[in-house]
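Every read-out reported here was derived from the displayed coordinates using simple, explicitly stated rules and does not represent laboratory data. Note that the coordinates shown come from a computational prediction; the quantities given were computed from them, not determined experimentally. Backbone-built Cβ (ideal geometry, glycine too); neighbour counts: all protein chains shown.
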Amino acid sequence: MKILVCVKQVPESEAVVSIDKDAGWVDVHDTSVFRMNHFDECAVEAAVQIKEAFPGTTIHIISVGPERSEVVIRRAIGMGADHGTHMVTPGDGFVDPSTLAGWIASLSEASDADLILCGAMSEDLMQGQVGPLMAEYLSLPCATAVVQMTIMPVGEGVHVEREIEGGYREAVALQLPALLTIQTGINQPRYPSLSKLLRANKLKLNTLYVDAMEDSAPLQGVRRVTLPRKLREGVFLEGSASQKAEQLLTILSDRSFLTVL
Amino acid sequence: MKNMQTSGSIVVIAEHFEGEIRPITYELVHFAETLQQFSPAPIKILVLDERAETLAKSLARTTGKDVLGLRAPQLAQYNGQVYTSILHEILRDHPPLYVCIGHSSRGSDYAPGLAMRLKAACITGVSALSVQEDMICFSRDVYGGKINADMVSNTETTVLTVQPGSYGPAPDRDLPKGNVCLKSMTVSPQTSTTLSTTPFQTSDLDFSAARVIVSAGRGIGEEENLELIRDLASVIPQSVVCGSRPVIDLGWLTYDRQIGVTGATVTPDLYLACGISGAAQHVSGMKGSGFIVAINTDPMAAIFNLSDICIVEDLKTFIPVLLEALSNKR
Ligand SMILES: Cc1cc2nc3c(=O)[nH]c(=O)nc-3n(C[C@H](O)[C@H](O)[C@H](O)COP(=O)(O)OP(=O)(O)OC[C@H]3O[C@@H](n4cnc5c(N)ncnc54)[C@H](O)[C@@H]3O)c2cc1C
Ligand SMILES: Nc1ncnc2c1ncn2[C@@H]1O[C@H](COP(=O)(O)O)[C@@H](O)[C@H]1O
């Protein structure tokens, strides 16, 4: 079985971000705060578990992003994947999701795969689109927000459970090849092993360069980026930690959530 | 039948579950009416179901809009491929301006693929609308809600998924009921089949008695630090400990305590968010809380945009200071 996993490098949720007026996009100040998208970590783990259960399985990793995003491919190989392709983009700007999905879908690793795994969502763009769009490019059946999966005996495809609202799950049978987007909670992603990481760091990745010009007719664009609206007053408490604690106790007791003497 | 053509209209795809129209459907109608102010076009509701008649009639009555019920035996359960192929067949020859879909587990499952088939841009998780220099902009959260991006579409038809909770239901008016039209569809065999839809976990946790929710996020860092959250809850009467999804995924709290779009929706008098960034999927489960206090090391965290009181501190040091200050007073 051949599995392709799409992984993206994203900033930590606490990373300092600001608006880059000239670029019309978001600027992440500190480049040391990048890591693998949590949802994609779960997708890599799911692939590695299949490989452990079905010897002969190979896992290929693809990531599209600037030079620094190469480390997430090596990390995925450290977790147990076999090879990786890095599609290097000139920068960090917004790429139309259908353009991006088209880039990945055009790889031979995508058309040859029996199973393609994506995350349910990238934590920076939060679209939930790249997976289902790739499935459409490749005419594959697709299930999103997968929280459980079983590879069936040969010829019977894959059975998954997808998470829906209200504590319900939907069971879906898909023929292979198929594309699944993985929801967190499906597994606990392992740490890369030292020996595999050493191999990963020596491995030569396939490197492709995409030209920003290839996105000549994007279906959507970013008009501007702003700081979000405040929905409530949002009083920031000032002072030392203990001064803030005193203020908070007063507020909570004034509103009779607490009794202080 | 002619008035049921979708060309140039704003189409709303109704969402329903176990015979009931989901609240997001009425929010979508409200969203469509807002969009209509910028882009005057008739609103048509499409509802897909095994039988569709009851749902279509009820929608026409409650919304006053024209409703097209699409029925097929394969619609007894939700299936993404069946939805995509039926909607594509209906919409391709009469391209609407907009297709409005819920940013729910089902809506986000089929919207991107449908958009691609219609050669339409798909903008997901839309929470607001605006017009800038004659262009309609669709606001969506990026970077965990720390930044808002205004997106524009470059295509004739645009597929939009709307974040639940962003638009209340359309205001009540006395409207004449809309027309209903039913159409039977045929669907060719698919490569995916929905087998069942079943409740996964039930809970006897009763939030109605909880006046206060003390909620832990990934920012607690380690399972041991959950003790701090529990200690804090123990000094606040009528409080319950809950958490964001990562804390439940890690197994540190049980699923019934997950707050958010795939967990519980709560409206306590006080919600204390500790180490929670405030992503839309979490916020939709708690934003109706009476008073919101957030503790977070990141002054830009999105949770602060909906908090009444914002505390920029490390919860690991701040909560002990708070508990100490309280015990000195008691
Ligand atoms: C389909 C779908 C459904 C989802 N459903 C849900 C749901 O029901 N509920 C839900 O919660 N999420 C849900 N999510 C996930 C959601 O998108 C976010 O990923 C999640 O809410 C983030 O949780 P968090 O805020 O705890 O973690 P993070 O986003 O990682 O934030 C951690 C926060 O803690 C702060 N922090 C770090 N250290 C400290 C410290 N020492 N002291 C104080 N603060 C600190 C950081 O600054 C950061 O803001 C869903 C996602 C998808 C795609
Ligand atoms: N730049 C990228 N490189 C590789 N995979 C990506 C990239 N962007 C998105 N993906 C995949 O698509 C999923 C959903 O991303 P999004 O549609 O941006 O929410 C992610 O979890 C990844 O699996």
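May I ask what percent, to the nearest 5, of DSSP beta bridges between residues of chain A are antiparallel? Within chain A, antiparallel bridges account for around 40 percent of the total.
The charge dipole of the protein assembly as shown, taken about its Cα centre with unit charges on the Cβ atoms of Lys, Arg (+1), Asp and Glu (-1) only, comes to about 700 debye.
How big is the equivalent ellipsoid of segment B:147-283 along its three axes, where each semi-axis is √(5λ) from the Cα gyration tensor, reported in whole Å from largest to smallest? Before the final figure, lay out the partial values.
Numbers: eigenvalues 285, 87, 73 Å².
Each semi-axis is the square root of five times an eigenvalue, giving 38, 21, 19 Å.
Measure up B:Lys146/B:Lys316; B:Lys57/B:Lys183; B:Lys44/B:Lys177; A:Lys51/A:Lys196; A:Lys8/A:Lys202; A:Lys244/B:Lys146 against 18 Å on the Cα-Cα distance and list the ones that go over. Where the Cα-Cα span goes over 18 Å, the pairs concerned are B:Lys146/B:Lys316; A:Lys8/A:Lys202; A:Lys244/B:Lys146.
Think of it as helices only: each DSSP H run of n ≥ 4 in chain A is worth -39500 (n - 2.57), and spread over all residues that comes to -8000 deg cm²/dmol at 222 nm.
Within the protein assembly as shown, DSSP assigns beta bridges of which about 35% are antiparallel (rounded to the nearest 5).
Highest average first, the peptides A:129-136, A:231-238 ordered by how many other beta carbon atoms sit within 10 Å of their residues are A:129-136, A:231-238. Per-residue shielding of B:109-122, expressed as the average number of other chain Cβ atoms within 10 Å of the residue Cβ, stands at 6.
Computed on chain A, the Cα convex hull volume stands at 193 Å³ per residue. Is the shape of chain B rounded, prolate or oblate, going by the alpha carbon gyration tensor and its root eigenvalues a ≥ b ≥ c, with a/c under 1.5 for rounded and a/b larger than b/c for prolate? Because a/c hits 1.5 or more and a/b exceeds b/c, chain B counts as prolate.
For the protein assembly as shown, the calculated P(r) over all alpha carbon pairs, in 10 Å bins from 0 to the bin holding the longest distance, is 3, 17, 26, 27, 18, 7, 1, 0 percent. Per residue of peptide B:78-84, the mean number of Cβ atoms on other chains within 10 Å of the residue Cβ is 4. Just going by the charge dipole of chain A, with Lys and Arg at +1 and Asp and Glu at -1 on Cβ, which of A:Met87, A:Leu252, A:Asn201 is farthest out on the positive end? Positive-end residue among those listed: A:Asn201. Its relative contact order, with pairs defined as Cα atoms under 8 Å and 6+ residues apart, puts chain A at 22 percent. For the peptides B:137-148, A:53-64, the ranking by packing is B:137-148, A:53-64, with the highest mean count of neighbouring Cβ atoms within 10 Å listed first.
First check a/c for segment B:207-329, with a ≥ b ≥ c the square roots of the eigenvalues of its C-alpha gyration tensor; if it is under 1.5, answer rounded, and if not, answer prolate when a/b is larger than b/c or oblate otherwise.
It comes out rounded by the Cα gyration axes.
Within 10 Å of the Cβ of each residue in A:246-258, the mean number of Cβ atoms contributed by other protein chains is 5. When a/c is below 1.5 the answer is rounded, else prolate if a/b is larger than b/c, else oblate, so apply that to segment B:117-176 with a ≥ b ≥ c taken from the square roots of the Cα gyration tensor eigenvalues. It comes out oblate by the Cα gyration axes.
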